[in-house]
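The values are calculated or read from the model by the stated rules, or taken from the named source; none is laboratory data. Small disclaimer: the values here were computed from a predicted structure and weren't measured. Cβ sites come from the backbone with ideal geometry, for glycine too, and all protein chains shown count toward neighbours. We work out accessible area using only protein heavy atoms, side chains counted, and drop any ligands, DNA or RNA first. Shrake-Rupley method; radii C 1.70, N 1.55, O 1.52, S 1.80 Å.
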Amino acid sequence: MADPDKIAQAIAKAEDWNTRVALVRRIPEEFGRAHLREVYAAVSERAYVPHLTPDFAYVYHREDYDLSVVEEAVRAAAVMTANFTAVTVAHLEHALRERPTSMRCFRLIIGYTPQEMAAATAPVAASLTLPAVGVTAVKNLEQGRAQGGQILKVLAETISRAVAKELFPPAAEGLRSKQERPDLVDGWATVRELFHHGVRYSMFLHQRHYGGAFRQLLDATSSMRGNILEDAVEQLFDAANIPAIRTGSANQAEIARRFHLTVQPAPDFVVYDSNDSLRALLECKLVNDGGTARDKAARFSALREAAKQHGGVPVFAVLGGLGWTRTNDALGPVVQHCDGRVFTLSTLQEMLTVDPFPALTF
């Protein structure tokens, strides 16, 4: 039997991607069926894993989450409450009216997201026989847009009750209120102490440990992160004038009709030529869990079968996330089903050198 490590090394050092694809396609000829899994895993480990970019290392920038934005909100709240000494409901309502951006400071003191803040007003509003506050109003205030009506009264009362730990009933056994925190242990007195003297570094790290590093920002940009691979491929194709369609829920029927491609759902991108003939299928998968990556690998098997019905057009994979470092039953099968046409954000530009792309630009 040929040496798996030797073929893996040859594939990793191939002079170009078309040569790499040719070498990957020879694997079934050189190795027995019983050894294919081992070989593709070795190839994946040597030639593909080094190019996987850990997406946990980056977050999308959102100006709304910059330190300066929070600092401005804290200054506004401090000015309007005499450094958090004038904190009656009336004072809080006045602060929200005169300096709407102070809402962000008060919300963060409580420890709620904008959605949670709005939901927390419901029991307070009911007790005051007033309407609850919607999340749009909360966000508008934080952006500096004044709000009228009884919104400010309900929010001020909610903030006051939350800091006093009177907003919701006592927690059941095994649970803890989000306001039972070191930085709010004595309510407004703790707020004043920390405002004047700062937060201990251990307390800062404890709060990060509680909330998860960058958790709120990651949640707020989840849709952007979910499309990071697709957006990069689309930009690459557009810049190179590659004729391709990015698929989605709205154009599944069109893809099936136009290209007679019946696999459901359609791959993330279908590539075609000037005769409107299908030339390649491309699927993007961002996965951080190895078990999920293993399950997603089956998708590429289905795409390969669909490709066979169209003359064996090539299947491309664009992958991201640490889940694909699981080579034996996750990345290995993808390399197999795609004949080595597996790319990451760091190698994406090189995809344009692989057939059929060089001959497709209009």
| query | In debye to the nearest 20, how big a dipole does the stretch 1-153 give about its Cα centre with +1 on each Lys and Arg Cβ and -1 on each Asp and Glu Cβ? | reply | 360 debye
| query | Which one of Ala57, Met80, Ser68 is farthest out on the positive end of the charge dipole of the stretch 1-99, using unit charges on Cβ (Lys, Arg +1; Asp, Glu -1) and the Cα centre as origin? | reply | Ala57
| said: If I take the Cα coordinates of the stretch 149-232 and project them onto the principal axes, what are the three extents in Å, biggest first? | reply: 49, 40, 33
| Using Cα pairs under 8 angstrom and six or more residues apart, how large is the relative contact order of the stretch 265-362, in percent? | 27 percent
| query | Where the only charges are on Cβ atoms (+1 Lys, Arg; -1 Asp, Glu), what is the dipole of the stretch 108-252 about its Cα centre, to the nearest 20 debye? | reply | 300 debye
| request: Counting only C-alpha contacts under 8 Å and six or more residues apart, can you give the relative contact order of the chain as a whole percent? | output: 20 percent
| message | Could you work out [θ]222 nm for the chain from helices alone, using -39500 (n - 2.57) per DSSP H run of at least four and dividing by all its residues? Round to the nearest 500 deg cm²/dmol. | response | -14000 deg cm²/dmol
| note | One can check that the equivalent ellipsoid of the stretch 226-362, built from the alpha-carbon gyration tensor with semi-axes equal to the square roots of five times its eigenvalues, has lengths in Å, largest first, of 23, 17, 14
| Dipole axis of the stretch 163-257 (+1 Lys, Arg; -1 Asp, Glu on Cβ), positive-most option in Val233, Val163, Leu218 | Val163
| message | Taking the Cα centroid of the stretch 153-176 and of the stretch 111-126, what is the distance between the two, rounded to the nearest whole Å? | response | 10 Å
| request: Could you size up the charge dipole of the chain around its Cα centre, putting +1 on the beta carbon of Lys and Arg and -1 on that of Asp and Glu, and report it in debye to the nearest 20? | output: 560 debye
| query | Which listed residue (Gln179, Ala189, Val133) has the Cα farthest towards the positive end of the charge dipole for the stretch 128-208, taking +1 on Lys and Arg C-beta and -1 on Asp and Glu C-beta about the Cα centre? | reply | Val133
| task | With N denoting the number of residues in the chain, provide Rg(C-alpha) divided by 2.2 N^0.38 Å, to two decimal places. | result | 1.35
| Accessible area per residue, 1.4 Å probe, Å², for the chain: what's the number? | 51 Å²
| task | Run the accessible area of the stretch 25-106 with a 1.4 Å probe and give the carbon-and-sulfur part as a rounded percent. | result | 53 percent
| request: Restrict the search to the stretch 175-255; then list the GluC sites (Glu not before Pro) that DSSP places in a loop and that have at most 15 other Cβ atoms within 10 Å of their Cβ. | output: Glu180
| Heavy-atom accessible surface of the stretch 113-253: percent carbon and sulfur, 1.4 Å | 54 percent
| query | How many lysine pairs are close in the chain, with Cα atoms under 29 Å apart and the two 8 or more places apart or on different chains? | reply | 14
| query | So what's the net charge close to Phe84: Lys and Arg +1, Asp and Glu -1, counting the other residues with Cβ under 10 Å from its Cβ? | reply | 0
